[in-house]
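Nothing in this text is a laboratory measurement; each read-out follows from the coordinates by a stated rule. It should be emphasised that the depicted structure is a prediction, and the values quoted were computed from it without experimental measurement. Note that each Cβ is placed from the backbone with ideal geometry, even for glycine, and that neighbours are counted across all protein chains shown.
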């Protein structure tokens with residue numbers, strides 16, 4: 001466990017050098033987590049190995065798919081996430097650090113269409129922790145800068161809510177198999193079944 005924490009910390013410290021992002025401007029950061037009644041391996045498979053299929057378990061994403069020849073999650077895998085039917089609100093992302101042994105990866109935003117974020121200063125670190133007895137914790141540390149920068153405070157609270165909703169949708173999807181996304185429009189009813 002201690003080694004896992006050390007590896008995680010070093011990964012975060014070195015991330016600015018390894019990912020081609022400057023992260024040199026002032027940015028906001030926060031972390032969101034949720035304990036799940038689901039084995040860590042199953043959660044890792046959904047968020048990391050099936051990286052391009054995030055639209056199966058994200059309440060705000062309309063469509064997602066692999067990009068740039070990627071076929072599965074792993075180092076340098078890329079995905080596209082459309083947040084509306086027309087595709088005008090889109091994130092193009094890439095895995096820039098991959099540590100399956102510790103169930104951790106870093107996701108960089110390459111392009112942000114229709115979102116007021118600075119891709120050169122935005123990334124997220126996903127971590128799945130095995131809690132034993134078929135339980136796990138999913139956590140994400142997000143570091144971002146908005147364009148314009150004065151919006152960072154407002155966006156931070158919106159992103160925190162978005163990630164908390166994603167983790168509830170992920171739990172529901174993994175326990176029931178039901179797709180939860182913007183296209184289905186089913187999250188509002190599903191959320192009522194889960195505690196925060």
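A few points about this structure:
- Among residues that are outside any strand (DSSP E or B) and without any contact (Cβ under 8 Å) to a residue 24 or more places away in the chain, residue 185 is included.
- Qualifying residue in segment 146-158 (condition: farther than 19 Å from residue 35 by Cα, within 13 Å of the chain's Cα centre (by Cα) and buried (at least 19 other Cβ atoms within 10 Å of the Cβ)): no
- Among residues of segment 93-117 being within 23 Å of residue 45 (Cβ to Cβ) and more than 12 Å from the chain's Cα centre (by Cα), the one that is surrounded by the fewest Cβ atoms within 10 Å (Cβ to Cβ) is 101.
- One residue from 70, 64, 86 being free of Cβ contacts under 8 Å to residues at least 24 places away in the same chain, farther than 21 Å from residue 31 by Cα and surrounded by 20 or more Cβ atoms within 10 Å (Cβ to Cβ): 64
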